[in-house]
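Enquirer: I have a structure here, written as structure tokens, and I will follow up with some questions on it.
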Amino acid sequence: MDARAAAAGPAPRGDAAAPDAAGARPRVGAHRRRRPAGRRHGPRPLRARAAQALRRPAGRHARRRAALRRPAHRPRARRRGALGALDAQPHGPAGRPERPGLQARRGGADPALGRLGARAGGHRGLRPQPPGSTFKIITLSAALAAGIATPSSSYPVRSSATLSGVKLSNASGESCGGTLSRSFADSCNSVFAPLGARLGARRLVARARAFGFEETPRVPAAKISTLGDPAKDLRDAIAIGSAAIGQNKDLATPLQMASVGATIGSGGVRASPRVVRSDPVIRRRAVSARVAGQVRDMMIGVVQSGTGTAAALPGVQVAGKTGTAELRFTGDGTSDPKNTDAWFVAFAPARNPRVAVGVMLVGAGAGGKAAAPIARQVLTAALR
């Protein structure tokens, strides 16, 4: 049925013609031959046939792109938010190896992951938001690279930490601690805020920039992810500690945080997103392969037994990190969904990634409850 037939409604069944507005049946001229039911009246226009061919996924790569275009979540109430997805494949649609790089929208390649297509969708005009605990991926990478912590480092179990005389609590005032791996799985502010303060502003900012912060995107309409002015905004321990857990002046886009996840999945090499294949490939090492492997293993722990279990997939190992970012600082760990953005960053399969995602919902509550299930649906669609 062509577009005009669809707009007019379904064709009448049987031999009788549809009645007109007055109830009388239209007269059918004797010169018109009756066609069998269901048969088209003449060939479809070439434009309609071409449009259908373009809509039809042709092959595994096209099916994956079509799946990523479909809505991953249909909430009952309208929500403001966005997501970024990086489609990682080792070869192009025709099986040809691609040049290294990260290309937005049309495909590209990461040094370790292969071809990547970046897509960002969401509320038009949405500004970068505080990334919350998803930023701990960067803080963890920086601490491991600086040698001030190891996965087995031990920290006190407590509900808060005090920096510069200011109390900074864990989410909902819960107590957590133990090894660095366990603290990361539980997204423990009382561990990572002091760890960031110990790391210092210079090393924290340098590592964030290596992951793409403060970099002008080459993707049209994509906004820059920032850390504020280090000279003014990172002058004391509480400011640095808050920035280390994705608060203070930290602002990021889901596409940027998906790129952070993809960088860990690629063994620590980041490829700057590009728009078309002819754009120059810009790639650099954000962190060593050893550190990237350690962070990846801890991200696996987040999904297996931490705050991100809602993103787990049967038969597929997922690496992820939750984020629950306060829009207005409270410091006491009070849980108010309207005051928090929900985040989740993930890539899968964890040891040979094909897709990385970043999900953010404004004023939606905890990342593990609101954003992780959406990331799970995106991963499911992309891995089909």
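Please treat every number below as a calculation from the coordinates, not as lab data. Only a predicted model underlies this, so the values are computations on that prediction, with no experimental measurement involved. We place every Cβ from the backbone using ideal geometry, glycine too, and count neighbours over all the protein chains shown.
Enquirer: Take the alpha-carbon centre of the stretch 189-218, take the same for the stretch 229-289, and report the distance between them in whole Å.
Expert: With the stretch 189-218 and the stretch 229-289 each reduced to a Cα centre, they are spaced 8 Å.
Enquirer: Next up: Kindly flag which residue pairs out of Lys249/Lys338; Lys321/Lys369; Lys249/Lys369 have an alpha-carbon separation exceeding 23 Å in this structure.
Expert: Numbers: Lys249/Lys338 19 Å; Lys321/Lys369 12 Å; Lys249/Lys369 25 Å.
As for pairs spanning more than 23 Å Cα to Cα, those are Lys249/Lys369.
Enquirer: Expected output is a single nm value to one decimal: the length gained when fully extending between Ser288 and Val276, i.e. 0.36 nm times separation in residues minus the C-alpha distance. What is it?
Expert: 1.5 nm
Enquirer: Please give the contour-minus-distance gain from Asn352 to Lys369: 0.36 nm per residue of separation, less the Cα-Cα distance, rounded to one decimal in nm. Please list the in-between numbers first.
Expert: On the way: separation 17, 0.36 × 17 = 6.12 nm, distance 2.61 nm.
Gain on extension, Asn352 to Lys369, equals 3.5 nm.
Enquirer: So, in nm, how far is label Ser164 from label Thr179 when the simple model puts each one 7 Å beyond its Cα toward the Cβ?
Expert: 3.4
Enquirer: If packing is taken as the average number of other Cβ atoms within 10 Å across a peptide's residues, how do 154-166, 177-189, 245-257 rank, most packed first?
Expert: So the peptides 154-166, 177-189, 245-257, ranked by packing, come out 245-257, 177-189, 154-166.
Enquirer: Something else: Pull out the extension gain between Ser154 and Lys232, defined as 0.36 nm times the separation in residues minus the alpha carbon to alpha carbon distance; nm, one decimal.
Expert: Stretched out fully, the Ser154 to Lys232 stretch lengthens by 24.9 nm.
Enquirer: Which FRET efficiency, nearest 0.05, do Leu126 and Arg384 yield, Cβ-Cβ r, R0 30 Å?
Expert: Efficiency computed from Cβ-Cβ geometry: 0.60.
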